[in-house]
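Single-structure report; data block below.
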Amino acid sequence: MSDPVAAPSTRQPGQPRTALLDVDRVQKTYTGQGRTVEAVRNLTFSVGDGELVCIVGPSGAGKTTLLKVIAGLLEPTSGTVTLDGTAVTGPPPSMAVVFQEYGRSLFPWMTVEGNVELPLKQKKMGKERRAELVRDALEAVGLADAHSAYPWQLSGGMQQRVAIARAVAYQPKVLLMDEPFAAVDAQTRADLEDLIRSLWHRLGVTILFVTHDIDESVYLGERVLVLSSSPTVIMEDLAIDLPDERNQLDTRSSPRFAELRHHVYEQIQLAKHRRGGEPVTGPAPAGSPT
Amino acid sequence: MTTTDVPALDTPDARAGLVPARRRFAPPSSALGLVGLAGFAVLIEVLPRTGLVPRDYFPPLSAMVTAMVDEVQTQGFWDALTETLMGWGIGLGIALVAGISLGLLLGSVEVLRRYTASTIEFLRPVPSVALIPLAVLLFGFQLQSTLLLVVYAAFWQVLIQVLYGVQDVDPVARETARSYQLGPVARLRYLIWPTALPYVMTGVRLAAAVALILAVTAGLVGVGRGLGAEIAVAQSSGAVPLVYGLVITTGLIGVVINLLARALERRTLSWHSSMRADIGG
Amino acid sequence: MSTVARWARSLFVALALPVVLIALWWVLSADSKNYYSPPLQTIVTTFGEVWFSERLRDDVLPSVTRLVLGYTGAVVLGVGAGVLLGANRTLRRLTEPVLEFFRAIPPPALIPILFLFAGIGDTAKIIVIVFGAVWPVLLNTVEGVRAVDEVLSDTSRSYGISGWARLRRLVLPSASPQIIAGMRQALSISIILMVISELFGSFNGLGFTIIQFQRSFAIPEMWSGILLLGILGFVLSLLFALFERRSLRWYHGLRRSQRGEK
């Protein structure tokens, strides 16, 4: 096992990658109380080893459902998810998830250190190795000094950094992120986006990043998958041909960024008006977390 | 809670309401609960008959019911029931009036609250049953003895909850009230009371339960009459099925009181977005 | 204000009223000819004579031992069964009304029945305490276990925290505020039952002794007993408060930070 932080980047942009994660004809229907809601309809895509793929879609597009299915937290009604050649039937040990609700995904009765260390204890890792991984991970997210604080003593952005450090220390092959920055302020968000890019570069981890923010998806991703409204299908699989070195100022003001952004925006507008088939049986989504 | 702690709105589970929202461990509403009750009844009917438990100590349910049917035809039962309910009701009433008014006073006047805090912390855990010998000496076997125990036990439940409630007034709302120069009465009426109300209702519910415990206990230990005394008499005369029948009766009274208190709580707080857990009681 | 001054001030605030009240009692009862309310001085003197004697070993110790054993039993049983019921919806729905019924029975009313089964020995008295005090712990645990946050639960699952680790790291800590609230209710019920259970066919214990004093009209002794019960209740609640502050430090901090952000 290589050190998560010091691992050399093996990335060669543009080089073809073997598929690590395969999502094949996944469909998810919720049933209960006499009605059924088809949240996800027939999604097929694959993510290559070491890729950073963003999934963007309008509110209520079943993004969270999809992510939970991939994470093995929800069973699809039909279809399969394959990770590294093995079918996902429960949460796979080589996958880590970062949720949007940082306030609810960290254990409030544990310190920052305890939170990061807990999954490693589950992996039956030696004490010294755990301490090393925890220290490196916290350093990597810029929280080396906060290890003995409790999560609720930190700001929202710092709490999400802790959740990211926990995921990093876990040394996953695939990092799933479910709108991780939807609830933090704009400046913090920009910092965290850059943190994700730099972690991705340094660790060579595969990242699947779900967001409803079009700019964020274009800025972060190598590829952007545009989802339709629920019941969800993939409207477009878009390669982001921005330079690999990105920064908030230049990248976001580049003409190509504007074009890509414009394109994705159009697709989302289309998605809102052209739902993936028959009308939804459930009530309209009660507001959006924008 | 900040908005970020609200569950994600676009999870289909939350959106379509297919997953039931969190609920208190509420009174039975499901058929399964009735099945459980029926199963329990069958169990206490059958167990003694099979000889798995000694029948002398544990008569079948039917015997308990029969004994109770006989009992309710006697005047003595109804006198005892009245005595218990009076001890409960009057005691609870006194405790509520005293607890709420003192709680509002102590809670809203900072100096009073600070100087009484230690005394309250000392007196509150004094077990009410410690007063049994005193009650007997002072009032003998009068209703007053029962009342002393009931009031003492129930009073602290109410007082403490009211104090918690007054403490919970939002600092911003407090500042707002001050900037609009609300007088003491208006502050109490529009600021303190509405905030404290959920806590007061929790206090009422806890106090109602404790008051019943003491109202029955008083009779049981010979401080007063009532259902407790009936149980003691039935026990000493070896009327085992009747002991069970009377204990079940007090349990049913407890259930009714509990349901009433919760219904009252729900009605009063229907405007209140979140029912608070009775943590801190 | 310096630290010492602030400390002295809060000590004054804490002690002022109790000192005034005790002084009042002392002065007003000093010349008391009332048979039922002897001078406080007499009560205090008696207190030393009565309780700092073999009674400490023969009456106080047995009572407190039964209390500790019964209370511990109630907590262990309540948390255990509560976790089980909280995790199993069918079982929970099945038992809900029965448990609500048992909780509603005034615990002392069960004493005559439990004594039928277990006699009047120590075991019976401990069973009485367990049986009466288990319900608030049990029902609060059920509620706490059910309310485990969904996101936290998903997080644990995705990191492979399951089985025993899930119980120890997620379920119990998450339910601990409710469990501890139930434990606090159970503590006062336990003390009540410790006393009451000794009023029925007993040969030792605090409750037994105090009632003996009352029946033999040993009034200052009776008062000293009431005082001792009061002190016992206070000390136990103090210990409990310390335990709660330690175990729920995170919870109170979390609540404070949530309120601060509001």
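The values are calculated or read from the model by the stated rules, or taken from the named source; none is laboratory data. Computed from a predicted structure; not experimentally measured. Methodologically, a virtual Cβ is constructed for each residue, glycine included, from the backbone with ideal geometry; neighbour enumeration extends over all protein chains shown.
So here's what we get for this one:
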item	result
Filter result for B:Gln157 (under 26 Å from B:Pro198 (Cβ atoms), assigned to a helix (DSSP H, G or I) and in contact with a Ser or Thr (Cβ under 7 Å, 6 or more places away or on another chain))	no
Complete set of residues in the range A:93-127 that are farther than 30 Å from C:Ser257 by Cβ and buried (at least 22 other Cβ atoms within 10 Å of the Cβ)	A:Met95
Residue count for the range B:172-227, restricted to those that are within 13 Å of the chain's Cα centre (by Cα) and closer than 20 Å to B:Val109 by Cα	1
Long-range neighbours under 6 Å by Cβ, at least six apart or interchain, first residue farther than 18 Å from A:Val205 by Cβ within the range A:150-166, second surrounded by 24 or more Cβ atoms within 10 Å (Cβ to Cβ) and among the aromatic types (Phe, Trp, Tyr)	A:Gln159/A:Tyr102
Residues (under 14 Å from the mean Cα position of the chain (by Cα) and within 14 Å of chain B (Cβ to nearest Cβ)) located in the range A:165-188	A:Met177, A:Asp178, A:Glu179, A:Pro180, A:Phe181, A:Ala182
Members of the range B:117-133 found to be buried (at least 21 other Cβ atoms within 10 Å of the Cβ) and either more than 10 Å from every other protein chain (Cβ to nearest Cβ) or free of Cβ contacts under 8 Å to residues at least 60 places away in the same chain (or both), listed by number	B:Pro125, B:Val126, B:Pro127, B:Ala130, B:Leu131, B:Pro133
Residues being buried (at least 21 other Cβ atoms within 10 Å of the Cβ) and farther than 21 Å from A:Leu83 by Cβ - total across the range A:194-213	2
Positions within the range C:238-251 being crowded, with 19+ Cβ neighbours inside 10 Å and of a type in the set (Ser, Thr, Tyr), in sequence order	C:Tyr251
Test result for A:Thr29, within 13 Å of another protein chain (Cβ to nearest Cβ) and surrounded by 21 or more Cβ atoms within 10 Å (Cβ to Cβ)	no
Yes/no for A:Ser94 being touching a strand residue (DSSP E or B) at 6+ places or on another chain (Cβ under 8 Å), more than 9 Å from chain C (Cβ to nearest Cβ) and of a type outside the set (D, E, K, R)	yes
Helices (runs of 4 or more DSSP H) (entirely within the range C:153-240) containing at least 2 residues that are at pLDDT 90 or above and within 20 Å of A:Arg104 (Cα to Cα)	C:163-166, C:172-197
The range B:234-250: number of residues that are more than 10 Å from every other protein chain (Cβ to nearest Cβ) and part of a helix (DSSP H, G or I)	3
The range B:134-157: number of residues that are β-branched (Val, Ile, Thr) and within 8 Å of chain C (Cβ to nearest Cβ)	1
Condition check for C:Pro112: buried (at least 16 other Cβ atoms within 10 Å of the Cβ), in a loop (DSSP other than H, G, I, E, B) and either at pLDDT below 90 or in contact with a strand residue (DSSP E or B) (Cβ under 8 Å, 6 or more places away or on another chain) (or both)	no
Only one of A:Leu133, A:Leu138 that is buried (at least 23 other Cβ atoms within 10 Å of the Cβ), in a helix (DSSP H, G or I) and more than 14 Å from chain C (Cβ to nearest Cβ)	A:Leu138
Listing of strands (runs of 3 or more DSSP E) fully contained in the range A:42-98 that carry 2 or more residues being over 12 Å from the mean Cα position of the chain (by Cα)	A:78-83
Filter result (of a type in the set (Ser, Thr, Tyr) and either surrounded by 14 or more Cβ atoms within 10 Å (Cβ to Cβ) or touching a residue at least 24 places away in the same chain (Cβ under 8 Å) (or both)) within the range B:95-113	B:Ser108
Test: residue in the range A:101-108 that is outside any loop (DSSP other than H, G, I, E, B) and of a type in the set (S, T, N, Q)	yes
